[in-house]
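Only one structure is covered here, and it is reproduced in the block below.
The values are calculated or read from the model by the stated rules, or taken from the named source; none is laboratory data. Not measured: the values here are computed from a predicted model. We place every Cβ from the backbone using ideal geometry, glycine too, and count neighbours over all the protein chains shown.
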Amino acid sequence: MELQVGDMVTGIYKTGKYIGEITDVRPQHYLVRVLAVLKHPIQGDLHHPKDADVGFFHERKALSFREQTNVPKQMVKPFEGEVPNYQTSLKEALEKMKNELAETDSQWAEMSLRALESLEADYKLS
């Protein structure tokens, strides 16, 4: 089933999951305008997940409200329901990830928590 411009979808981009609207259909991707965050991106090096001993530990921001990104077609699914407020969804996704990391005893989890606390200040959620 081919999705169309204007369809509401969930999409996975890198390690984050978002709700958005398709704004263009391309051969391998859908161009999706981000409207809410379902899962905050994982921190660190994408090529060495959950590894703290990497050359550069990346701080990974969630995509911004109304930011458009190409999402591979196989990572996009139709979305039914009410789209939550972007700021509220971002705050909830961030809290969920912080709680999961707080229960993980590893150097990667500690570094990830520090990165998320820094991002939280950037996001100006309070």
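Could you give me the residue pairs with C-beta distances under 7 Å whose first residue belongs to the stretch 24-46 and is of a type in the set (Gly, Ala, Ser), whose second residue is assigned to a strand (DSSP E or B) and modelled with pLDDT of 95 or more wherever it lies, and which are 6+ apart or on separate chains?
Partner pairs satisfying both residue conditions: ALA36/TYR18; ALA36/ILE19.
Okay, residues lined up against (1) closer than 30 Å to ALA109 by Cα; (2) of a type in the set (A, V, I, L, M, F, W, C); (3) outside any strand (DSSP E or B); (4) in contact with a Phe, Trp or Tyr (Cβ under 8 Å, 6 or more places away or on another chain):
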| site | (1), (2), (3), (4) |
| --- | --- |
| LEU3 | no, yes, yes, yes |
| GLY6 | no, no, yes, no |
| GLY11 | yes, no, no, yes |
| ILE19 | yes, yes, no, yes |
| ILE22 | no, yes, no, yes |
| TYR30 | no, no, no, no |
| VAL37 | yes, yes, no, yes |
| ILE42 | yes, yes, yes, no |
| ASP45 | yes, no, yes, yes |
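Which members of the stretch 76-126 meet the condition of being assigned to a loop (DSSP other than H, G, I, E, B) and aromatic (Phe, Trp, Tyr)?
PHE79
Yes or no: the stretch 64-85 includes at least one residue that is under 29 Å from GLN107 (Cβ atoms), among the charged types (D, E, K, R) and modelled with pLDDT of 95 or more.
Scanning the stretch 64-85 turns up no residue that is under 29 Å from GLN107 (Cβ atoms), among the charged types (D, E, K, R) and modelled with pLDDT of 95 or more.
Tell me the residue from ALA62, ALA52 that is assigned to a loop (DSSP other than H, G, I, E, B), crowded, with 18+ Cβ neighbours inside 10 Å and in contact (Cβ under 8 Å) with a residue 12 or more places away in the chain, please.
Just one listed residue meets the conditions, ALA62.
Residue by residue, here is whether (1) within 14 Å of the chain's Cα centre (by Cα); (2) more than 21 Å from LEU125 (Cα to Cα); (3) among the small types (Gly, Ala, Ser) holds:
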site	(1), (2), (3)
LYS14	yes, yes, no
ARG26	no, yes, no
GLY44	yes, yes, yes
PHE56	no, yes, no
TYR86	yes, no, no
GLU100	no, no, no
